[in-house]
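The values are calculated or read from the model by the stated rules, or taken from the named source; none is laboratory data. Everything quoted here is computed from the prediction, not taken from an experiment. All Cβ positions, glycine included, derive from the backbone under ideal geometry; neighbour counts span all protein chains shown. Note: accessible area is taken over every heavy atom of the protein model, side chains too, but ligands, DNA and RNA are not part of it. Shrake-Rupley method; radii C 1.70, N 1.55, O 1.52, S 1.80 Å.
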Amino acid sequence: MQSELRKQLLDAFTTAGESYLSGQYLAELVGCSRTAVWKHIEELRKEGFELEAIRKKGYRIIKTPERVSADEIMLGLTTSFIGRNIHYEESVESTQKIAHKLASQGVPEGTVVIADEQRSGKGRMNRNWHSPKYTGIWMSLILKPNIPLTKAPQLTLLTAVAVVQAMEEITGLTPGIKWPNDILIDGKKVTGILTELQAEADRIHSIIIGVGINVNQKLEDFPLELQDKASSLSIQKGEQISRAELIRTIFKHFEKLYSLYLKQGFIPIKILWEGYAVSIGRILKARTLTEVIEGKALGITDEGVLKIEDQSGVIHHVYSADIEL
Ligand code: BTN
């Protein structure tokens, strides 16, 4: 994890924008020596940050590194608890696994595990999630809401809304959500969300929300069997997208929606979710672990459960399934 001092320095550079900050000012602000400030500045340089240093004026950041790091995400972060603790790894089996471990060690709510690469990323329904190095966002967010177990799926839907809002803001593209939480652009999957719980009887200890976003892959970076089903934001937009900026923007939207949810419940989130849904009102096939239901998607309940009306007029409540449109 980053040191508190490093976070405070990056917050100061965030607020300063284009202005210079003197070593003396920074040292007083964070309560350390000028030598300690200088040491942190040198470490940022080693990470690939470019800092301009002008005598009598001070420092300013003029370029951030290609590789995403906790420091780069922190620079420009406006949230108060989502993403304020970042656990960044270059290569992991799965960020979910690390997040589970951290959650049981009692890290603060809003802690996020992010990796440049996952060697065995996990998808829904026990599938693999292809997570090659540097091209995507592979992260797991730890939450500790005081809600009953049955409401946990609502947070998955909330996450999908936050990710879509951030994608719209950063890329100008218009993604849609396929229930429960696949994010599609032009009918192709760009994001998957996997929610896992640490709970007992009816009490949630932690919710681990895994988000996998295809950001800068080229078509040939996907395995052949995925090339007609999956896509990336850069394929759709025709240009490279800053992963750090997208991560920060997701945190911003997530924190806003999550605070709203804790105050007002699921209804305002449900309304937003429905605005992005591409599956509602359409005839579809839902493959659950035990059956296949075919019919018209009527909408979702206040719990986030999908309602499907089959040909004989029976309404099915679907809690978990793969949807074929
Ligand atoms: C899906 O099947 O659609 C869900 C995919 C979720 C992938 C993300 S990537 C970050 C986190 N770590 C994992 O191993 N899986 C999730």
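Just report the Cα centroid separation between region 46-87 and region 98-145, whole Å. Here the answer is 23 Å between Cα centres. Every pair of different Cα atoms in region 64-142 enters the Kirkwood calculation, which places the hydrodynamic radius at 13.0 Å. Rounded to the nearest whole Hz, the Karplus-based 3J(HN,Hα) values (6.51 cos²θ - 1.76 cosθ + 1.60, θ = phi - 60°) of region 24-40 follow the sequence 4, 4, 5, 4, 5, 4, 9, x, 9, 7, 5, 5, 5, 4, 4, 4, 5, with x at glycine and proline. In this structure the chain gives 48 Å² per residue of accessible area when probed at 1.4 Å with all protein chains present. Pairs of Cα atoms in region 195-318 fall into 10 Å distance bins, from 0 up to the last occupied one, in shares of 10, 24, 35, 27, 4 percent. Restricting region 26-92 to GluC sites (Glu not before Pro) that sit in a DSSP loop and have at most 15 other Cβ atoms within 10 Å of their own Cβ leaves 47, 66. Taken about its Cα centre, region 178-220 carries a charge dipole of roughly 200 debye when the Cβ of each Lys and Arg holds +1 and the Cβ of each Asp and Glu holds -1. Taking a Cβ cut-off of under 9 Å around residue 315, the surrounding Lys, Arg, Asp and Glu residues balance to a net charge of -1, with basic ones at +1 and acidic ones at -1.
Taking the Cα centre of region 179-263 as origin, work out the dipole magnitude from +1 charges on Lys and Arg Cβ and -1 charges on Asp and Glu Cβ, in debye rounded to 20.
Using Cβ point charges on Lys, Arg, Asp and Glu, region 179-263 gives about 380 debye.
Between residue 271 and residue 292, the simple spin-label model (points 7 angstrom out along Cα→Cβ) gives 3.9 nm.
Surface composition of the chain: carbon and sulfur make up 49 percent of the accessible area, probe 1.4 Å.
Dipole magnitude for the chain: computed about the Cα centre from +1 point charges on Lys and Arg Cβ and -1 point charges on Asp and Glu Cβ, it is near 600 debye.
Each of 190, 250, 126 was placed along the dipole of the chain (beta-carbon charges, centred on the mean Cα), and the one lying farthest toward the positive end is 250. Reducing region 211-227 and region 160-201 to their Cα centroids gives an inter-centroid distance of 16 Å.
For region 88-96, 3J(HN,Hα) computed residue by residue from phi via the Karplus equation (6.51, -1.76, 1.60; θ = phi - 60°) reads 9, 10, 6, 9, 9, 5, 8, 5, 4 Hz, glycine and proline entered as x.
Once you treat every alpha carbon in region 30-98 as an equal point and sum by Debye, what is log10 I(q)/I(0) at q = 0.24 Å⁻¹? For region 30-98 at q = 0.24 Å⁻¹, log10 I(q)/I(0) is -1.22. Residue 139 sits with roughly 10 Å² accessible to a 1.4 Å probe, with DNA, RNA and ligands left out of the calculation. Can you give the net charge of the other residues whose Cβ lies under 10 Å from the Cβ of residue 189, counting K and R as +1 and D and E as -1? Here the count lands on +2.
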